[in-house]
Amino acid sequence: MTDSTTTPAHAQVFRPGLLDGQVALVTGGGTGIGLGISELLAELGAHVVIASRKPEHLEAALASITARGYKASVVQLDVRDPERVKQVITDVAETHGRIDLLVNNAAGNFYAPSATLSPNAWKAVVEIDLYGTFYCSQAVYPIMAKQGGGRIVSTSMTLHYRGWPLMAHATAAKAGVDALTKTLAVEWAPQRIRVNAIAPGPIPTEGVRKAFTPPADSGVPDLFAAAEERMAEYARKGIPLGRWGSPRDVANMVAFLASPAGDWITGGIFVVDGGEWLAKAQP
Ligand code: NAP
């Protein structure tokens, strides 16, 4: 029995060169889960284009992937801007001749009480998570349709399955991502565009540590700011498979969906969470 905390799961599962010749665009691919996805896709042979706002994220990710001999490039993009999204995606397709995989991973998030959530705060998160996912998917559609197919994988979450205090903006946006995934899957199947989503469980990235620091006195548990010991205790008690997730856990599912094994899979929302949300649903 192997354990993915010590052995890279893809080393036993995905063959080298699995994605040779493919072009993948990963939004928010310079940090956290997106970086894990970008790295694995590049290791499997894809040319990965990472798109996000901050040059420091883009440059660091590009340097780390290309230093290992893999193919990547970066482009500055705010997914809230539909015209810029269209321009960037058109440019990527012109440069590389195709786009096989779009990973909608960019998101913004923070704790905020719904009663006082400002219109701008609501708008910012919904625009990045939901509108951005739609803008990128719509922009990549004509390219994938023309080349005879493609794959879209969006990053959702599980918190909206039951509701999560202080996250009205993000949970509403991700519920929209789930709905969009199912609708686009059916609408674009004739063009052989497979549209799926992944719902990660708790993965202690820097981004999520910041987002999940609840306001003092809110009564919401501060899981990530807690000591390592308390995090280990949460993993034991709150996550049936007994550990926190890693970006690689999510990336493995993306690689599977991008591979020929994902050929007949569309409209799915794949929970990758060690069983966490189901266990929370128990009385
Ligand atoms: P993260 O590191 O903060 O990732 C968010 C990424 O989105 C960053 O790379 C950021 O890059 C990019 N981004 C933010 N706003 C953008 C914009 N307007 N345009 C383009 N890019 C933008 O957090 P993460 O934990 O890896 O999360 C990645 C995805 O997984 C998100 O969709 C999140 O909702 C989902 N998720 C995470 C968890 C978890 O426990 N970590 C659980 C469930 C779901 P720039 O700052 O450079 O723009």
**Asked** Checking residue 55 against (1) in contact with a Ser or Thr (Cβ under 7 Å, 6 or more places away or on another chain); (2) without any contact (Cβ under 8 Å) to a residue 24 or more places away in the chain, which test does it fail?
**Response** (1)
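Scan region 226-245 and tell me whether some residue there is of a type in the set (Phe, Trp, Tyr) and in contact with a Pro (Cβ under 6 Å, 6 or more places away or on another chain).
Yes, the conditions are met somewhere in region 226-245.
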**Request:** Look through region 39-54, keep the residues that are within 10 Å of the ligand (Cβ to nearest atom) and under 14 Å from the mean Cα position of the chain (by Cα), and return whichever of them is farthest from residue 129 (Cα to Cα).
**Result:** 50
**Message:** Against the definition (within 16 Å of the chain's Cα centre (by Cα) and either surrounded by fewer than 16 Cβ atoms within 10 Å (Cβ to Cβ) or at pLDDT below 95 (or both)), how does residue 32 come out, yes or no?
**Reply:** no
**Prompt:** Going by the conditions given, is residue 261 exposed (fewer than 14 other Cβ atoms within 10 Å of the Cβ) and either touching a Leu at 6+ places or on another chain (Cβ under 6 Å) or modelled with pLDDT under 95 (or both)?
**Reply:** no
**Request:** Could you please find all residues in region 162-175 being within 20 Å of residue 278 (Cβ to Cβ), surrounded by fewer than 19 Cβ atoms within 10 Å (Cβ to Cβ) and at pLDDT 95 or above?
**Result:** 175
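This table checks each residue for (1) under 20 Å from the mean Cα position of the chain (by Cα); (2) assigned to a helix (DSSP H, G or I).
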{"position": "231", "(1), (2)": "no, yes"}
{"position": "241", "(1), (2)": "no, no"}
{"position": "249", "(1), (2)": "yes, yes"}
{"position": "252", "(1), (2)": "yes, yes"}
{"position": "255", "(1), (2)": "yes, yes"}
{"position": "261", "(1), (2)": "yes, yes"}
{"position": "264", "(1), (2)": "no, no"}
{"position": "274", "(1), (2)": "yes, no"}
**Item:** For residue 155: the one exception among (1) buried (at least 19 other Cβ atoms within 10 Å of the Cβ); (2) touching a Ser or Thr at 6+ places or on another chain (Cβ under 8 Å)
**Value:** (2)
**Request:** Taking residue 250 as the residue in question, decide whether it is in contact (Cβ under 8 Å) with a residue 60 or more places away in the chain, closer than 15 Å to residue 159 by Cβ and either within 10 Å of the ligand (Cβ to nearest atom) or of a type in the set (Val, Ile, Thr) (or both).
**Result:** no
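The values are calculated or read from the model by the stated rules, or taken from the named source; none is laboratory data. Note that the structure is a prediction, hence the values are computed from the model and not measured. Neighbour counts run over all protein chains shown; Cβ positions are idealised from the backbone, glycine included.
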